[in-house]
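The values are calculated or read from the model by the stated rules, or taken from the named source; none is laboratory data. Fair warning: this is a prediction, and the values are worked out from it, not measured in the lab. Glycine also receives a Cβ, built like all others from the backbone with ideal geometry; neighbour counts cover every protein chain displayed.
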């Protein structure tokens, strides 16, 4: 099942009473990017940071018609959470705008996806950074308000962890004096990872068709 098909399936099976449509979109994107990664040797559970009964509970609550399709991508893997990810979880959990279970779930999912190497909005499977900023304002408003200068979200998370723990990750005394200013505040545009996967799959299919026709 391709990411496009996954997103379409999840969109069609989303329980409209389970959450706001914007949050349903975020969850569908997260699952779609997790499925895309699971085709490369990982599992959906590892991609999302939740497993077994918890993961199945999430699927049943938000996408009740998708369980059979998602089972094939690995729902029972053992999840290892390193200290860095734990720190991010704690930061997001204590910055929740509400005590709603969905906000707690998103704290876990965002922390896991933040371990990936791309812009955070890309590793969440979102279309652009604006969708991530809107998510932060909805579910982690206290944290979003602290990012008044629109620092890149991953950089901002780690800066907050450093401040709250009295540790120093940055050498410069303030951002304006830092030589890596653009690394924290520079452009965060780019290609959606789901769009990239889609193009790669299309290219692979075209190559296979050409090989059959010329073979």
Quick one: in region 120-137, of everything that is touching a helix residue (DSSP H, G or I) at 6+ places or on another chain (Cβ under 7 Å) and assigned to a loop (DSSP other than H, G, I, E, B), which residue is farthest from residue 42 (Cα to Cα)? 128
Kindly check whether there is at least one residue in region 89-101 that is closer than 30 Å to residue 164 by Cβ, at pLDDT 95 or above, touching a helix residue (DSSP H, G or I) at 6+ places or on another chain (Cβ under 7 Å) and surrounded by fewer than 17 Cβ atoms within 10 Å (Cβ to Cβ). yes
Select from region 11-29 the residues that are within 15 Å of residue 134 (Cβ to Cβ), more than 17 Å from the chain's Cα centre (by Cα) and surrounded by 14 or more Cβ atoms within 10 Å (Cβ to Cβ) and list them in ascending order. 19
For region 39-54, how many residues are surrounded by fewer than 21 Cβ atoms within 10 Å (Cβ to Cβ), assigned to a helix (DSSP H, G or I) and either without any contact (Cβ under 8 Å) to a residue 24 or more places away in the chain or in contact with a helix residue (DSSP H, G or I) (Cβ under 6 Å, 6 or more places away or on another chain) (or both)? 2
Going through (1) part of a helix (DSSP H, G or I); (2) more than 23 Å from residue 78 (Cβ to Cβ) one by one, residue 19 fails only at (1)
Out of curiosity, is residue 75 in a helix (DSSP H, G or I) and either more than 13 Å from the chain's Cα centre (by Cα) or surrounded by 14 or more Cβ atoms within 10 Å (Cβ to Cβ) (or both)? no
Under the condition of being assigned to a helix (DSSP H, G or I) and touching a residue at least 24 places away in the same chain (Cβ under 8 Å), which residue from region 138-155 is surrounded by the fewest Cβ atoms within 10 Å (Cβ to Cβ)? 142
